[in-house]
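A short write-up of the structure that comes next.
The values are calculated or read from the model by the stated rules, or taken from the named source; none is laboratory data. What you are looking at is a predicted structure, and each value in this text was computed from that prediction instead of being measured. With ideal geometry, Cβ positions are generated from the backbone for all residues, glycine too; neighbour counts draw on all protein chains shown.
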Amino acid sequence: MTSVDSSELKSVEARKLKISDEIAIELIGVNKWYGEFHVLRDVNLTVRRGERIVICGPSGSGKSTMIRCINRLEEHQKGQIIVDGNELTSDLKKIDEVRREVGMVFQHFNLFPHLTILENCTLAPIWVRKMPKKDAEEIAMTYLKRVRIPEQANKYPGQLSGGQQQRVAIARSLCMNPKIMLFDEPTSALDPEMVKEVLDTMISLAEEGMTMLCVTHEMGFARQVANRVIFMDRGQIVEQNEPDAFFSNPQHERTKLFLSQILH
Amino acid sequence: MATPTIGYVSTQELPALPPPDAGRGAVAWLRTNLFATPLNSALTIAVGLLLAWALPPIINWLFFDAIWDGDSREACLVEGAGACWAFVKAKFGQFIYGRYPLDQRWRVDLVFIMLVVGLVPLAMPKVPYKKQNAILMLVVFPFVAYVLLYGGFGLPVVETALWGGLLVTLVVAIVGIVASLPLGILLALGRQSKLPVIKTASVVFIEFWRGVPLITVLFMSSVMLPLFLPPGTNFDKLLRALVGVALFSSAYMAEVIRGGLQAIPKGQYEGAAAVGLGYWQSMRLIILPQALKIVIPGIVNTFIGLFKDTSLVLIIGIFDLLGIVQLNFTDPNWASPVTPATGFVFAAFVFWIFCFGMSRYSLYMERRLETGHKRR
């Protein structure tokens, strides 16, 4: 395992190098309601390819809803969401196309408990990408090695620890060779001892230039790999900035309050 | 051990030890299972006494006092006679085949053999070629069985009115089981559909068939249906019963499966969607395998209920196993005080064998499909 210092150095450099001008995701005036409840209020966000964005905010602020709109697990009712050049509408073909290119990691892993780890990873490549089983297995093993659990390939998710399951979930997404990765509180359901192994995997992913949006409260992770931190409250983006400035010099009152409560 | 102070550092790892002896051995088993508490001991003794009182007469009636051979009722009219197995022996052919012509019964035998030969490897997880086997049983076998049982391709036609006994029981039960599962799955998915037309159609179908008794369904199929059909068209009576039973049980099946679908966490649907699977793919690969596994007990429950409900076809004049056994009580040649009891015991035993088999197999499958994601 690389020591924190060296990976921090690397990622600081990566932060400057890898962001291109190409737009990966664009949210324009996005609004969403749950019944009467206005969850997302006029959210505007542009993500460039290679950006690593950490989204934080109090619970109920709409951060999960926002990233779930990006692969249409939730429907927005007003505004535009354009992912990788495809606008998300009710067009099922476009939705499928976006989902093929966007990987997602959930708080509760959402692995398929009736399939082995290897089958979890090869399922989508085989059925969605129509890849031959052999090739899919080869790719799956490469990614399982990357998340450092190739020896678990033939076990079932229920036999793995939370941290291992989350790493499998990351490998499962990577097997689809996504252009964008969404993380929805990936470490919130983990025992403290297992948080690091998942974060390490995410850090190495960031170092390779993956476009990432992470909803997380791991502020250490934000400092280390994010090039932008977004703070949301009551359905809107209240403040966004580079991590150093965000943490050392928050502008909005709500941000200051939030940070004072989570950074002891 | 160190004196308990607030600061304590363990100096060695404690070795793992085997559990104490008290939990093992025959005496321990007796103690934990039969004589754990005074109440348990009392119950054990009471049940033991009850068995000692009830078992010997039953065994005597079934075996030692039973009449095994004989040509007519005379044999079973003996004082203190037990079961009249001679009756079952003499009527065995009818019980299995009904009035199926004697010289054609080999056709039924052949179908039975094909069924067993096709089903056993399908039921054993270790045997390879599952896909081919399933296609053989679901596509080829029904066609071959139909030709063999009914006739055609050079075989003389045997009208379904002549069919009876276990043959009819199995035909109705198997057709009902095989048709109700896929239909039930579609109905259950339909009921969860976001499209109002499909949802409403499924709900109406399910609620209609679940709301009427099977007897009514069978009566309507045999009495009312002909009224609506153009005169001259003659729908086979057994076929009508088959359709009725299949639709009836598919409604029950749909609700059982819906229970399973609702037990699947939302995260599974989202996980499937997020990796790019479409609706049918995620249903087939992710949701249904888990949902069906959860409701195996319910599915088998419905199967068993269906198997036993086949007896109701008696009321529209089709003689299944139970029907034909009862019909034979009226044979003056075999009328004796013990004949009905013997017949019912025999019929009950045959039904029990099949139902118990299904039950055990489902338990086995449940254990096999367990992948340890449940916290135990």
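What's the number of the only condition in (1) of a type in the set (Val, Ile, Thr); (2) touching a strand residue (DSSP E or B) at 6+ places or on another chain (Cβ under 6 Å); (3) modelled with pLDDT of 90 or more that residue A:95 fails to meet? So residue A:95 meets the others, but not (2). Which of the residues that make up segment A:210-229 are small (Gly, Ala, Ser) and in contact with a helix residue (DSSP H, G or I) (Cβ under 7 Å, 6 or more places away or on another chain)? Those that are small (Gly, Ala, Ser) and in contact with a helix residue (DSSP H, G or I) (Cβ under 7 Å, 6 or more places away or on another chain): A:222, A:226. Against the definition (under 15 Å from the mean Cα position of the chain (by Cα) and more than 25 Å from residue A:58 (Cα to Cα)), how does residue A:199 come out, yes or no? Against the criterion (under 15 Å from the mean Cα position of the chain (by Cα) and more than 25 Å from residue A:58 (Cα to Cα)), residue A:199 does not qualify. So, residue A:219, is that one over 14 Å from the mean Cα position of the chain (by Cα) and within 13 Å of another protein chain (Cβ to nearest Cβ) or not? Against the criterion (over 14 Å from the mean Cα position of the chain (by Cα) and within 13 Å of another protein chain (Cβ to nearest Cβ)), residue A:219 does not qualify. Residue count for segment B:80-100 under the criterion of being of a type in the set (D, E, K, R) and either over 26 Å from residue B:159 (Cα atoms) or out of contact with any helix residue (DSSP H, G or I) (no Cβ under 6 Å at 6 or more places or on another chain) (or both): the result is 1.
Here the helices (runs of 4 or more DSSP H) wholly within segment B:258-311 that include at least 3 residues being facing chain A (nearest Cβ under 9 Å) and free of Cβ contacts under 8 Å to residues at least 60 places away in the same chain are B:266-274. Could you check segment B:325-376 and list, in sequence order, the residues that are assigned to a loop (DSSP other than H, G, I, E, B), surrounded by 15 or more Cβ atoms within 10 Å (Cβ to Cβ) and away from every other protein chain (no Cβ under 14 Å)? Hits for segment B:325-376 are B:331, B:334, B:335, B:336, B:338.
Scanning segment B:318-330 for residues that are over 23 Å from the mean Cα position of the chain (by Cα) and touching a residue at least 40 places away in the same chain (Cβ under 8 Å) yields a single hit, B:328.
The listed residues are B:68, B:61, and the only one of them that is surrounded by 14 or more Cβ atoms within 10 Å (Cβ to Cβ) and under 18 Å from residue B:339 (Cα atoms) turns out to be B:61. The residue pairs whose first member lies in segment B:40-67 and is under 25 Å from residue B:82 (Cα atoms), whose second member is loosely packed, with under 11 Cβ neighbours inside 10 Å and not aromatic (Phe, Trp, Tyr), and whose beta carbons are closer than 7 Å, counting only pairs six or more residues apart or on different chains, are B:65/B:80.
For segment B:124-138, enumerate the residues that are surrounded by 12 or more Cβ atoms within 10 Å (Cβ to Cβ) and either closer than 20 Å to residue B:367 by Cα or at pLDDT below 85 (or both).
As a first pass, look at segment B:124-138 and keep what is surrounded by 12 or more Cβ atoms within 10 Å (Cβ to Cβ): B:130, B:133-138.
Correct list: B:130 only.
Residue count for segment B:322-339, restricted to those that are closer than 12 Å to residue B:91 by Cα and of a type in the set (A, V, I, L, M, F, W, C): 5.
Yes/no per residue for (1) among the hydrophobic types (A, V, I, L, M, F, W, C); (2) buried (at least 17 other Cβ atoms within 10 Å of the Cβ); (3) more than 22 Å from residue A:179 (Cα to Cα):
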{"position": "A:102", "(1), (2), (3)": "yes, yes, no"}
{"position": "A:105", "(1), (2), (3)": "yes, yes, no"}
{"position": "A:116", "(1), (2), (3)": "no, yes, yes"}
{"position": "A:126", "(1), (2), (3)": "yes, yes, no"}
{"position": "A:133", "(1), (2), (3)": "no, no, yes"}
{"position": "A:138", "(1), (2), (3)": "no, no, no"}
{"position": "A:144", "(1), (2), (3)": "yes, yes, no"}
{"position": "A:156", "(1), (2), (3)": "no, yes, yes"}
{"position": "A:167", "(1), (2), (3)": "no, yes, no"}
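The number of residues in segment B:192-206 being closer than 18 Å to residue B:247 by Cβ, among the hydroxyl-bearing types (Ser, Thr, Tyr) and free of Cβ contacts under 8 Å to residues at least 12 places away in the same chain comes to 1. For the condition within 14 Å of chain B (Cβ to nearest Cβ), under 19 Å from residue A:45 (Cα atoms) and surrounded by fewer than 22 Cβ atoms within 10 Å (Cβ to Cβ), residue A:74 qualifies. Scan segment B:82-105 for residues that are outside any helix (DSSP H, G or I) and buried (at least 19 other Cβ atoms within 10 Å of the Cβ) and the total you get is 5. When we screen B:187, B:166 for residues that are at pLDDT 90 or above, surrounded by 20 or more Cβ atoms within 10 Å (Cβ to Cβ) and farther than 22 Å from residue B:311 by Cβ, the only hit is B:187. Among the residues making up segment A:233-264, a single one is surrounded by fewer than 18 Cβ atoms within 10 Å (Cβ to Cβ) and of a type in the set (Val, Ile, Thr): A:262. Listed by position, the strands (runs of 3 or more DSSP E) inside segment A:14-74 whose residues that are more than 17 Å from residue A:102 (Cα to Cα) and not aromatic (Phe, Trp, Tyr) number at least 3 are A:23-34, A:37-48. Counting only helices (runs of 4 or more DSSP H) that sit completely within segment A:101-182, those holding 3 or more residues that are in contact (Cβ under 8 Å) with a residue 40 or more places away in the chain and within 10 Å of another protein chain (Cβ to nearest Cβ) correspond to A:117-127, A:162-174. Restricting attention to segment B:299-310, the residues that are of a type outside the set (Lys, Arg) and surrounded by fewer than 18 Cβ atoms within 10 Å (Cβ to Cβ) total 2. As a summary of the residue check, residue B:255 satisfies the conditions (1) in a helix (DSSP H, G or I); (2) free of Cβ contacts under 8 Å to residues at least 60 places away in the same chain; (3) away from chain A (no Cβ under 14 Å); (4) not polar (S, T, N, Q) except for the one numbered (2).
Counting just the residues of segment A:83-100 that are in contact (Cβ under 8 Å) with a residue 60 or more places away in the chain and not in a loop (DSSP other than H, G, I, E, B), which one comes out surrounded by the fewest Cβ atoms within 10 Å (Cβ to Cβ)? First the steps, then the outcome.
From segment A:83-100, those in contact (Cβ under 8 Å) with a residue 60 or more places away in the chain are A:83-84, A:100; that's our starting set.
Imposing the further condition that a residue be not in a loop (DSSP other than H, G, I, E, B) reduces the set to A:83, A:100.
Numbers: A:83: 26, A:100: 19.
The selected residue is A:100.
Residue B:209 falls short on exactly one of the conditions (1) at positive phi; (2) touching a residue at least 24 places away in the same chain (Cβ under 8 Å), and that condition is (1). For residue A:175, the conditions (1) buried (at least 17 other Cβ atoms within 10 Å of the Cβ); (2) closer than 22 Å to residue A:51 by Cβ are fulfilled apart from (2).
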